[in-house]
Amino acid sequence: MKIVVVGGVAAGASVAARARRLDETAQIIVLERGHHVSFANCGLPYHVGEVITERSRLILQTPESLREALDLDVRLGTEVIAIDRSSRTVALRDTDTGEETTESYDALALCMGAEAVRPPLPGIDHPTVHVLRRIGDMDRIKARLDAALAAQRAGRRGVVRAVVVGAGYIGLEMAENLHHRGVKVDVVELSDQILPPVDHEIAAPVEQHLTARGIGLHLSTAAAAFRPLSGEGGDGEQDERVAVELDSGTTIDADLVILAAGVKPAVALAAEAGLELGPRGGIAVDTHMRTSDPHVWAAGDAVETPHPVLPGTHLNPLAGPANRQARVAAENICGRDTEYRSTQGTSIVKVFDMVAGGTGATARQLDAAGVAYRVVHLHPSGHAGYYPGTAMMHIKLLFAPTDGRVLGAQACGFDGVDKRLDLFAMAIRAGLTVYDLEEQELAYAPPFGSAKDPVNMAGFVAANVLRGDLSLWYAQDYPAGTAGTRLVDVRTPEEYDLWHIPGAQSVPLATLRDAIADWDRTTPVRLYCAVGFRSYLAHRILVQTGFEDVATLSGGSTTFKHVHHGGESSEAQPPMESYAEHVSVASAVAAATGALTDLDCTGLACPGPIMRLAAAMRTADAGDEIRVTVSDPGFALDGPAWASKNGHTLVSMEPQGPGYVATFRKGGTAPVTSSSAPGPAKTSMVVFSGDLDKVLAAFIIANGALAMGQDVSMFFTFWGLNALRREDPPPRERTAMERMFGAMMPRGADKLTLSQMHMAGAGTAMIRRVMRQHDVQPLPELVAAAQAGGARLIGCTMTMDLLGIAQSDLIEGVELGGVATFLGEAQESGSTLFI
């Protein structure tokens, strides 16, 4: 038998190798259009980043080694240009010489893989713009990067900058590895989140981790064009950089652009041969990996296969499924009856110190397919919290509402994420339920896990939901779903003061039994805590004392913040190196005494680190410094906010592992609450209103303060954001709710109306005319003047999420921030106005 394999990387090499092990007499030919066979394409980003230092380690096999070990005829630089199914021949072209030949086959295996998406944008063919699929791509990227960094070290140029288009796995791996080389990296992503294989609340912590490491992140943003930069570079040679124009109006000058916007199946050869394609554009195959032609098989990124949870067939460009499909194809070519049943898309990625991934179906996929499901969120540690080296993990489990069958799972964290995802993957493959997860007996010792493993805990919580022991509400329900309810925060008063959901009342769990004595038991109660455990205890108290409608927030405030970016958004979070500039204190900065105390808070979840830090500060003297090591990622915003509120100075904060190492200096005086002395030369405002007269007043005051030499910051929230909207925002995909809000709200400063005497537009028109007659600048000019004068215009990220406003919808120059950003500004202001 003569077997011809088209493609020599993951699937192709596996088909050939497995076929040889089953049939020693077969003639096996592997045709590969590139100049490398059987290479580790998943390792390419890590050689660019010099994590994998030896290029040769990525080349797993050569034609010579495959000939010696498996007697395979591997032909590199050979492209298959046509298939003649009737004569069972393929037409070949030598990619170096152009010579064309033909080759016959008894069985043909198509393993062409996928091709990188290159959108038809202006300048897409600029020499700085690259994709990363093959060894040759890696070599070209690394050569350009090495040259730019060498010029930088020689003092002939400044910072090397790269733009990565696409925030999937390859894009983030490239961002990390370029950062390791000392490159300033910006990631541009069309979606409103990174990591398409997971849902929003799992992607959000990774976004925060990414930006904390200094990566610029541009979400809901597309690359619009690539324009050559003219002139000479810093080394006297012609500048070969490119200006990357984004649809948000931002332009980034880059030495290197990596296109990682996805892949598409390489099916042109199959389509031209008349082979049947699936509904998603991949090659249609049966469970034996046979195509619509009985003599042609296919495997790898180009084929569509069933999903164990979702209806229909799907594309899954992953190495693991490609190798398993190849094995099944080879066995059936060689006469065995082996089936490939489904691909569930199990995947994982490392982003700096963090790990994220998923298996099975996501909520988006289940919604699109109309499949009913339930969800639980939980935040266990990777291993026993008292043993060093662990941190909070974020798990989302999706399961059937009837029998509890596991439909999908996602997780992110710092230790033990991979093994939990693997266990969930096995559960989906085996058709297990959440009740089965409760019963799994898993390896435990403090360095590796917990007596109640996170997988068991996911089963416990989900089973409680199905048994009726626990009712959940979700972050996505807020605020509409909590209207008319009693929203109760059962955390400690310290946690509540640091941050709480707007509208919630503080009833610590320890006081709950006394507090509920006079509550109306018919009023719906919505509970929450930090991660869901304390509110579960509160839930059990209430339902057993006669309350009729009680639910607790799935995943607690931790998941809530990830959904709403409430004060912890990746856009709001300044880079680590600039925290000292963004966070201020109300008291005079105390002189350093030289006394330094180390405080180890690793393994403690919020509010543990803050409480330990506060206790240490109480025993310190003014000017003493405390260096705290935490493993809680949320400390990046909680720590500075606490310091600002309590009159201490954040000296430094550096990422370390899952958390940070931060140094705080004790303030010399208590925070100032009132004073007759002149305040700092700074004014801050909260602009809540979207009424023309009130926004006019805000900008008149702002420009007056600027003229008097004061600094000005303006925090725009809710309807005030309408003053910053662009009249002609770039097009983007919008949900139905976003389109509705967009139609109802005024688009920009020139569309605002009066709060009184609008009179169907006549009053507003009259006041604009009077302003012109008295030479009062119109509002758009006042906004521009304030920006030109140095005013900081800050958009509230939580409000933007609630109202469906993206950064690209706002005028250029608006910063994004959360409550911590505003509080820092307000603390150092002489006056703070609410408009």
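The values are calculated or read from the model by the stated rules, or taken from the named source; none is laboratory data. On a predicted model such as this, the values are computed, not experimentally measured, just so you know. Cβ: placed from backbone, ideal geometry, glycine included. Neighbour counts: every protein chain shown.
Numbers below:
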| read-out | value |
| --- | --- |
| Members of region 482-496 that are in contact with a Lys or Arg (Cβ under 8 Å, 6 or more places away or on another chain) and either not basic (Lys, Arg) or not assigned by TED's automatic domain parsing to the domain that holds residue 559 (or both) | 482, 485, 487, 488, 490 |
| Options 430, 451, 445, 425: the member that is small (Gly, Ala, Ser) and in contact with an Asp or Glu (Cβ under 9 Å, 6 or more places away or on another chain) | 430 |
| Residue match in region 615-632 (condition: of a type in the set (Gly, Ala, Ser), at pLDDT 90 or above and either in the same structural domain as residue 824 (by TED's automatic domain parsing) or crowded, with 23+ Cβ neighbours inside 10 Å (or both)) | no |
| Subset of region 812-835 that is touching an Asp or Glu at 6+ places or on another chain (Cβ under 9 Å) and modelled with pLDDT of 80 or more - its residue that is nearest to residue 702 (Cα to Cα) | 815 |
| Number of positions in region 349-376 that are in contact (Cβ under 8 Å) with a residue 12 or more places away in the chain and farther than 20 Å from residue 432 by Cβ | 10 |
| Qualifying residue in region 424-437 (condition: touching a Gly at 6+ places or on another chain (Cβ under 6 Å) and hydroxyl-bearing (Ser, Thr, Tyr)) | yes |
| Qualifying residue in region 4-19 (condition: under 25 Å from residue 328 (Cβ atoms), out of contact with any strand residue (DSSP E or B) (no Cβ under 6 Å at 6 or more places or on another chain), of a type outside the set (A, V, I, L, M, F, W, C) and without any contact (Cβ under 8 Å) to a residue 40 or more places away in the chain) | no |
| Qualifying residue in region 10-24 (condition: small (Gly, Ala, Ser), surrounded by fewer than 18 Cβ atoms within 10 Å (Cβ to Cβ), part of a helix (DSSP H, G or I) and out of contact with any Phe, Trp or Tyr (no Cβ under 9 Å at 6 or more places or on another chain)) | no |
| Residue tally, condition free of Cβ contacts under 8 Å to residues at least 12 places away in the same chain and of a type outside the set (A, V, I, L, M, F, W, C), over region 403-434 | 1 |
| Filter pass, residue 275 being farther than 26 Å from residue 134 by Cβ and either surrounded by fewer than 23 Cβ atoms within 10 Å (Cβ to Cβ) or in the same structural domain as residue 807 (by TED's automatic domain parsing) (or both) | no |
| Breaking point among (1) in a strand (DSSP E or B); (2) within 22 Å of residue 636 (Cα to Cα), for residue 176 | (1) |
| Set 415, 436: member being among the acidic types (Asp, Glu) and either part of a strand (DSSP E or B) or over 23 Å from residue 657 (Cβ atoms) (or both) | 436 |
| Check on residue 466, on the phi < 0 side of the Ramachandran plot and touching a Ser or Thr at 6+ places or on another chain (Cβ under 9 Å) | yes |
| Flag for residue 183 being touching a Lys or Arg at 6+ places or on another chain (Cβ under 9 Å), under 30 Å from residue 562 (Cα atoms), modelled with pLDDT of 95 or more and surrounded by 19 or more Cβ atoms within 10 Å (Cβ to Cβ) | yes |
| Region 260-285, subset in contact with a Gly (Cβ under 7 Å, 6 or more places away or on another chain) and aliphatic (A, V, I, L, M), residue farthest from residue 172 (Cα to Cα) | 284 |
| Residue 145 vs. criteria touching a strand residue (DSSP E or B) at 6+ places or on another chain (Cβ under 7 Å), closer than 28 Å to residue 191 by Cβ and of a type in the set (A, V, I, L, M, F, W, C) | yes |
| Region 140-151, subset without any contact (Cβ under 8 Å) to a residue 12 or more places away in the chain and out of contact with any His (no Cβ under 8 Å at 6 or more places or on another chain), residue nearest to residue 32 (Cα to Cα) | 143 |
| Where a residue in region 748-771 is of a type in the set (Asp, Glu) and its partner, wherever it lies, is surrounded by 12 or more Cβ atoms within 10 Å (Cβ to Cβ) and in a helix (DSSP H, G or I), with Cβ under 7 Å and at least six apart | 750/779; 750/780 |
| Residues located in region 790-804, provided they are in a helix (DSSP H, G or I) and of a type in the set (A, V, I, L, M) | 798, 800, 802, 803 |
| 2 or more residues within 22 Å of residue 318 (Cβ to Cβ): qualifying strands (runs of 3 or more DSSP E) within region 31-119 | 107-110, 114-116 |
| Scope region 119-135; condition modelled with pLDDT of 95 or more, closer than 25 Å to residue 11 by Cα and of a type outside the set (A, V, I, L, M); matching residues | 130 |
| Per-region count, region 83-114, residues touching a residue at least 60 places away in the same chain (Cβ under 8 Å) and hydroxyl-bearing (Ser, Thr, Tyr) | 3 |
| Region 285-318, residues that are more than 13 Å from residue 111 (Cα to Cα) and either hydroxyl-bearing (Ser, Thr, Tyr) or not in a loop (DSSP other than H, G, I, E, B) (or both) | 287, 292, 305, 306, 313, 314, 315 |
| Identity of the residue in region 513-540, over 37 Å from the mean Cα position of the chain (by Cα) and outside any loop (DSSP other than H, G, I, E, B), that ends up surrounded by the most Cβ atoms within 10 Å (Cβ to Cβ) | 516 |
| All positions within region 551-600 that are surrounded by fewer than 21 Cβ atoms within 10 Å (Cβ to Cβ), at pLDDT below 50 and of a type in the set (S, T, N, Q) | 578, 587 |
| Of residues in region 37-56 being touching a Gly at 6+ places or on another chain (Cβ under 8 Å) and closer than 21 Å to residue 322 by Cα, the one surrounded by the fewest Cβ atoms within 10 Å (Cβ to Cβ) | 38 |
| Top-ranked residue of region 485-500 - restricted to ones that are modelled with pLDDT of 95 or more and of a type outside the set (D, E, K, R), ranked as nearest to residue 638 (Cα to Cα) | 490 |
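For (1) in a loop (DSSP other than H, G, I, E, B); (2) over 19 Å from residue 800 (Cα atoms), each residue gets a yes or a no:
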position: 701; (1), (2): no, yes
position: 715; (1), (2): no, no
position: 727; (1), (2): yes, no
position: 746; (1), (2): yes, no
position: 755; (1), (2): yes, yes
position: 769; (1), (2): no, yes
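Residue-by-condition table, conditions (1) part of a strand (DSSP E or B); (2) surrounded by 20 or more Cβ atoms within 10 Å (Cβ to Cβ):
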{"site": "368", "(1), (2)": "no, no"}
{"site": "397", "(1), (2)": "yes, yes"}
{"site": "419", "(1), (2)": "no, no"}
{"site": "429", "(1), (2)": "no, no"}
{"site": "446", "(1), (2)": "no, no"}
{"site": "463", "(1), (2)": "no, yes"}
